[in-house]
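**Student:** This is the structure I have questions about; it appears just below.
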Amino acid sequence: MGVRDRVDEFCARYRLRLPIVQAPMAGACPPELAIAVAEAGGMGAAGVVLDSPVRIADWAARFRAGSAGPFQLNIWIPDDPAEDAATAQRQAETAREFLGRFGEPSEPGGASPDFDEQCEAMLAAAPAVVSSIMGLFPPEYVRRLAERGIAWFACATTLDEALAAQEAGANAIVAQGLEAGGHRGTFDPDSAEHTAVGLFALLPRLADHLRVPIIATGGIADGRAMAAALALGASAVQVGTALLRCPETAISKEWSSALDGLAPEATLTTRAYSGRLGRAAPTPYVRAWSEPEAPVPARYPTQRQLVAQWRRGTPDGLDRVNVWAGQSAAMAREEPAGEVVARMWRDASALLAAD
């Protein structure tokens with residue numbers, strides 16, 4: 001199947017005018033951003049890993065008030081409990097001690113949202129797509145998604161992960177290259193540092209072995225990268241960092257400034273924010289955790305809970321938000337999201353037509 005045929009088939013299946021999916025960036029995906037992407041012809045998105053069922057329902061309602069287009073809801077698959085509880089406890093204690101250099105914490109916060117309740121809320125919201133990262137949904141939930149006519153997009157960072165997701169019933173694979181900002185989607189949290197495949201090596205590897213469509217993500221911020229991803233076997237692309245500086249995203253000035261002109265090689269992978277590996281801007285806080293005397297961050301979700309506790313306290317030098325940044329950060333522009341995705345597809349289309 002040729003590039004145009006793949007793209008047209010994918011767009012027809014998901015009611016898109018252009019093959020661009022907004023990345024579901026938890027904490028940076030207000031309905032206004034998803035509406036702008038959907039109204040431009042793409043697919044909006046929300047990352048709901050931190051959201052209660054009420055917030056999930058509210059986000060979906062606000063989106064539908066502004067657009068009749070498609071959207072996806074994304075969630076993390078929970079980690080298995082730590083096999084070595086004693087080691088996990090020691091890591092938590094040393095992480096807590098290290099965070100003391102950033103001020104005094106507040107009281108611990110409440111419990112994280114319940115995964116099963118979040119899954120029920122996503123079913124009730126009835127998006128076009130429910131997507132997963134860091135693992136696979138249970139078979140019973142996959143069956144219920146299919147019964148409701150909701151597609152499942154599964155993030156994968158290797159062929160083995162992608163094949164497992166395809167076998168489990170995923171309707172499409174989100175192929176995440178190491179260039180991507182935010183969290184790595186590896187199924188095994190402890191292997192994330194060693195599972196570092198670039199997108200343009202990963203795409204043909206997956207395209208040669210998968211039956212389901214592939215959505216490319218990681219470092220895609222203009223039409224050139226989009227055209228290359230489609231030529232290598234993707235049916236669509238997923239874009240995150242390129243949209244962070246758009247007015248609809250409304251990230252903080254500090255985060256936006258950190259992305260301005262940020263070189264690809266300057267971004268860092270870190271567990272300092274959540275305990276799971278992610279790619280971020282090199283803020284003083286992130287760099288502190290890579291110093292020789294720095295401890296290993298606590299496992300997820302303990303590290304995230306500790307960081308939240310310090311943020312509610314009196315932090316001194318601790319980032320107020322997670323300053324995620326993909327390797328294409330310098331290409332992010334302060335312009336409306338609809339213009340960003342429209343330009344990407346226009347430029348990609350011209351390049352593909354020239355070939």
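The values are calculated or read from the model by the stated rules, or taken from the named source; none is laboratory data. Bear in mind that the values here come from a model prediction, so they are computed numbers and not experimental data. Glycine gets a Cβ as well: all are built from the backbone with ideal geometry, and neighbour counts include every protein chain shown.
**Student:** When only residues in segment 51-102 that are in a loop (DSSP other than H, G, I, E, B) and polar (S, T, N, Q) count, which is surrounded by the most Cβ atoms within 10 Å (Cβ to Cβ)?
**Tutor:** Per the criteria, the residue is SER67.
**Student:** Still on this structure: For segment 169-216, enumerate the residues that are of a type in the set (Asp, Glu) and more than 18 Å from the chain's Cα centre (by Cα).
**Tutor:** Scanning segment 169-216 gives ASP190, ASP208.
**Student:** Between residues in segment 133-161 that are at positive phi and residues that are surrounded by 17 or more Cβ atoms within 10 Å (Cβ to Cβ) and in a helix (DSSP H, G or I), which pairs lie under 8 Å by C-beta distance while being six or more apart or on different chains?
**Tutor:** Close Cβ pairs satisfying both conditions: MET134/PRO189.
**Student:** Confirm whether GLY278 is closer than 24 Å to SER191 by Cα, surrounded by fewer than 24 Cβ atoms within 10 Å (Cβ to Cβ) and touching a residue at least 12 places away in the same chain (Cβ under 8 Å).
**Tutor:** yes
**Student:** If you scan segment 167-184, which residues turn out to be surrounded by fewer than 20 Cβ atoms within 10 Å (Cβ to Cβ) and not in a loop (DSSP other than H, G, I, E, B)?
**Tutor:** GLU167, ALA168
**Student:** Quick one: which of ALA26, ALA12 is hydrophobic (A, V, I, L, M, F, W, C) and assigned to a loop (DSSP other than H, G, I, E, B)?
**Tutor:** Exactly one residue qualifies, and that residue is ALA26.
**Student:** Need a quick list: helices (runs of 4 or more DSSP H) entirely within segment 207-321 having at least 2 residues that are farther than 30 Å from GLY109 by Cβ and modelled with pLDDT of 95 or more.
**Tutor:** Correct list: 223-231.
**Student:** Next up: Suppose we filter PHE153, PHE187, PHE200 for residues that are part of a strand (DSSP E or B), at pLDDT 95 or above, closer than 25 Å to ALA229 by Cα and not small (Gly, Ala, Ser); which single one remains?
**Tutor:** Testing whether each residue is part of a strand (DSSP E or B), at pLDDT 95 or above, closer than 25 Å to ALA229 by Cα and not small (Gly, Ala, Ser) leaves just PHE153.
**Student:** If you don't mind, there's one more thing I want to ask. Closer than 30 Å to ARG304 by Cα and in contact (Cβ under 8 Å) with a residue 60 or more places away in the chain: which single residue out of PRO30, PRO78 fits that description?
**Tutor:** PRO30
**Student:** If you take the residues of segment 27-39 that are more than 15 Å from ALA242 (Cα to Cα) and out of contact with any Lys or Arg (no Cβ under 6 Å at 6 or more places or on another chain), which of them is surrounded by the fewest Cβ atoms within 10 Å (Cβ to Cβ)?
**Tutor:** Ranking the qualifying residues of segment 27-39, first place goes to GLY27.
**Student:** Taking LEU244, is it surrounded by 17 or more Cβ atoms within 10 Å (Cβ to Cβ), at negative phi and free of Cβ contacts under 8 Å to residues at least 24 places away in the same chain?
**Tutor:** Against the criterion (surrounded by 17 or more Cβ atoms within 10 Å (Cβ to Cβ), at negative phi and free of Cβ contacts under 8 Å to residues at least 24 places away in the same chain), LEU244 does not qualify.
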